[in-house]
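Quick notes on the structure that follows.
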Amino acid sequence: MKAIVMNRTGEPDMLEFVERSETAPASGQVLVEVTAAGVNFMDIGVRKGMAWREISDPKVLGVEGAGRVLAVGDGVEHFRPGQRVAWVYAPGSYAERITLSADALVPLPDGIDDRTAASVMMQGLTASHFATDFYPVQPGDVALVHAAAGGVGLLLTQIIKLRGGHVIGRVSSADKIAVAGEVGADHVIVDTEGRFAEEVVRLSGGEGVHVVYDGSGPKTFQASLDSLRRSGTFCWYGPVLGGPGPLDVMSLPKSIKIGYARFFDHIYTPALLRARTSQLFDWIVKGNLKIRIGGVYPLAEAARAHADMESRATTGKLLLIP
């Protein structure tokens, strides 16, 4: 089978499209033919050596996708050959086939196509965690969503609106305003320098927002703090762009609460994975959650997908197609 591997850390051009041996499923595992694999900032972090250091090179990138079951190992009861499935956090998804734990899989309903499923597993579950668990948005809450035209930002905006909240979106260029507005952002700010706090406070009636969702790196950290109202919540994510550095907790303003939102705290059991994805699929089928696929690339062109994502010129979800 063909796969995208890295033999060392580096820029996108070091990714290689190579032939790899296929692994038969062991007990509790499933062999799947990949029809679509999602591209995430986490993959860029792996490529740059910020994650998966414990996995030796060469290693296959990618953590999510959708496809069809080819074979199952002993003890697998809920999946069968021919069944359509999707998965999240299964290392090695940039490939024509993947062998993974059955616990990482969910069955796909007829109303969800493979590309939609591959687009919503990582980013949809992340957005759901942010708005329903880490900070459960309440009707009337005002949220600041960074990278509002990106994959997580578009889904997060919609889930906040479903819960009765208001969204101030921040985007990096004027051509992304309409994209964020199409999914319900009430206001959209264009900013690349981290100078948005004054406008956010003004748009929130002079008080600041109830919650900030910031995955934009250290450049926006201080302005995100300044955008919060008293007792507001700061949801920090996206380690690929770096952390804010050491914090003096006694210097934090306005009795705010700050935390790092970790993906696995939302789906720490297979039962939760099935429940959370079922909710996402239900929203999609009912038309309450719209998925924007911003780019589709042949698997062999994974390097181009990485370069495009890093350029911040893309919107929505990027997919690789074997």
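The values are calculated or read from the model by the stated rules, or taken from the named source; none is laboratory data. What you are looking at is a predicted structure, and each value in this text was computed from that prediction instead of being measured. A quick note on method: Cβ atoms are made from the backbone with ideal geometry, for glycine too, and the neighbour counts reach across all protein chains shown. Accessible surface is based on the protein model in full, side chains and every heavy atom, while ligands, DNA and RNA are left aside. Shrake-Rupley method; radii C 1.70, N 1.55, O 1.52, S 1.80 Å.
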Only Lys, Arg, Asp and Glu count, each charged at its Cβ (+1, +1, -1, -1), so figure out the dipole size of the range 100-240 about its Cα centre, rounded to 20 debye. 300
Computed from these coordinates, which is Kirkwood radius over Cα pairs in Å: (1) 22.5; (2) 20.1; (3) 21.6? (2)
When each of LYS161/LYS286; LYS290/LYS317; LYS2/LYS317; LYS2/LYS59; LYS257/LYS317 is checked by Cα-Cα distance, pairs over 19 Å: LYS2/LYS317; LYS257/LYS317
Accessible solvent surface per residue of the range 157-214, calculated while the other protein chains remain in place, 1.4 angstrom probe, Å²: 43
Sorted by average packing, counted as other Cβ atoms within 10 angstrom per residue and highest first, what order do 274-281, 140-147 take? 140-147, 274-281
Using a 1.4 Å probe over the heavy atoms of the protein chains, calculate the carbon and sulfur portion of the accessible area of the range 1-84 as a whole percent. 47
Karplus-derived 3J(HN,Hα) from phi for the range 20-27 (6.51 cos²θ - 1.76 cosθ + 1.60, θ = phi - 60°), whole Hz, x at Gly and Pro, runs 10, 6, 8, 9, 5, x, 7, 4
Whole-percent carbon and sulfur contribution to the accessible surface of the range 154-215 (1.4 Å, no ligands, DNA or RNA) stands at 47
Heavy-atom accessible surface of the range 225-269: percent carbon and sulfur, 1.4 Å: 58
Please sort 178-191, 109-122 by packing, taking for each peptide the average over its residues of neighbouring beta carbons within 10 angstrom, highest first. 109-122, 178-191
Sites GLN83 and ASN288, calculated FRET efficiency, Cβ-Cβ separation with R0 25 Å, nearest 0.05: 0.45
Taking Lys and Arg as +1 and Asp and Glu as -1, residues besides GLN279 with C-beta under 13 Å from its C-beta add up to +2
Which Cα, out of ILE258, VAL39, PRO270, lies furthest along the positive dipole direction of the chain (beta carbon charges, K/R +1, D/E -1)? ILE258
In percent, how large is the relative contact order of the chain, given Cα pairs closer than 8 Å and 6 or more residues apart? 18
